[in-house]
Amino acid sequence: MSVNISQEAINDVLEAAHMMDRKGLMSTFEGNISVKRDGLLYITPTQTSKGSLTAAMIAVYDESGGQVAGELKASSELSMHTALYRMREGIGAVAHAHPPYLTAHAICHKTFTANCYPEFLALFSEIPVAPYGSPGSRDIYAGIEPLIQDHYVILLANHGALAVGSTAAKACARLEAAEASAAILDLANRVGSPVPLKEAEIARIRSVKQPI
């Protein structure tokens, strides 16, 4: 039976991977991006520089878990990506990486929030931490489901971070924005004591819901 491979989906993964590589958010050995479209999952391959990926390298899997296209095997986190698409309606893409500031919070099992920073609050309420699970195993995503219903970015304890969205560009943009906020708050804490916004202003900013 022939499978209709979407070149558009492959290009979406490639563009997101190249962007994350340029911005230093995803290394050769860490991080992966996937897109789900028409029953097929398109994902970056394992242990390959995200900046040098080509269309032929993107691994494509059907709903039975069989690889139907791509010169290379998928990332070892394929099972996590597959599970995430089942957890929340509307997810069209997943980005997983180990950006330094967010990963520092993940290693410390510390939920990230920034009630002093409107740009963070406009996108996120907080970024919670899912319980630890061994990388590449089912345990790594066992604690994500209760969190993914209300959050677009989640920290993975002792591991890294992931973001979801309707497109790869949106998922990666959320991961980039969350990392930028974490970096800014780290600097603010070195300068002095961050001053939180008033509760009414926090509520006003958070009242605008972000589409997936």
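Residues of segment 100-116 include none that is in contact with a Lys or Arg (Cβ under 8 Å, 6 or more places away or on another chain) and either of a type outside the set (S, T, N, Q) or within 26 Å of A157 (Cβ to Cβ) (or both).
With the structure loaded, tell me whether S2 is small (G, A, S), farther than 20 Å from R138 by Cβ and in a loop (DSSP other than H, G, I, E, B) or whether it fails that test. Yes. Taken over segment 52-90, the criterion of being in contact with a helix residue (DSSP H, G or I) (Cβ under 7 Å, 6 or more places away or on another chain), in a loop (DSSP other than H, G, I, E, B) and surrounded by fewer than 20 Cβ atoms within 10 Å (Cβ to Cβ) is satisfied by E71, L72, R88.
Go through the residues of segment 108-116 one by one and say whether even a single one is of a type in the set (S, T, N, Q), modelled with pLDDT of 95 or more, surrounded by 16 or more Cβ atoms within 10 Å (Cβ to Cβ) and in contact with a Phe, Trp or Tyr (Cβ under 9 Å, 6 or more places away or on another chain). Yes - at least one qualifying residue is present in segment 108-116. Annotation: I140 fulfils all but one of (1) in a helix (DSSP H, G or I); (2) hydrophobic (A, V, I, L, M, F, W, C); (3) surrounded by fewer than 20 Cβ atoms within 10 Å (Cβ to Cβ); (4) modelled with pLDDT under 95; the unmet one is (3).
Yes/no per residue for (1) within 19 Å of the chain's Cα centre (by Cα); (2) surrounded by fewer than 17 Cβ atoms within 10 Å (Cβ to Cβ):
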site: I148; (1), (2): yes, no
site: G165; (1), (2): yes, no
site: L175; (1), (2): yes, no
site: E179; (1), (2): yes, no
site: A183; (1), (2): yes, yes
site: S193; (1), (2): no, yes
site: A200; (1), (2): no, yes
site: Q210; (1), (2): yes, yes
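For segment 1-30: of the residues being in contact with an Asp or Glu (Cβ under 9 Å, 6 or more places away or on another chain) and not polar (S, T, N, Q), which is farthest from H96 (Cα to Cα)? This residue is V3. Yes or no: L102 assigned to a helix (DSSP H, G or I) and closer than 25 Å to V35 by Cα? Spelling it out, L102 is indeed assigned to a helix (DSSP H, G or I) and closer than 25 Å to V35 by Cα. A Cβ distance below 6 Å, combined with a sequence gap of six or more or placement on separate chains, defines the contacts here; from segment 161-180, residues that are in contact (Cβ under 8 Å) with a residue 60 or more places away in the chain reach residues that are assigned to a helix (DSSP H, G or I) and aromatic (F, W, Y) in the pairs E179/Y101.
Look at Y42 and say whether it is within 18 Å of V164 (Cβ to Cβ), among the aromatic types (F, W, Y) and either surrounded by fewer than 15 Cβ atoms within 10 Å (Cβ to Cβ) or within 13 Å of the chain's Cα centre (by Cα) (or both). For Y42, the condition - within 18 Å of V164 (Cβ to Cβ), among the aromatic types (F, W, Y) and either surrounded by fewer than 15 Cβ atoms within 10 Å (Cβ to Cβ) or within 13 Å of the chain's Cα centre (by Cα) (or both) - is not met. Evaluate the following for I154: is it at pLDDT below 95 and in contact with a strand residue (DSSP E or B) (Cβ under 7 Å, 6 or more places away or on another chain)? For I154, the condition - at pLDDT below 95 and in contact with a strand residue (DSSP E or B) (Cβ under 7 Å, 6 or more places away or on another chain) - is not met.
The values are calculated or read from the model by the stated rules, or taken from the named source; none is laboratory data. Note that this is a predicted model, so its numbers are computed, not measured. Using ideal geometry, Cβ is built from the backbone for each residue, glycine included, and neighbour counts are taken over all protein chains shown.
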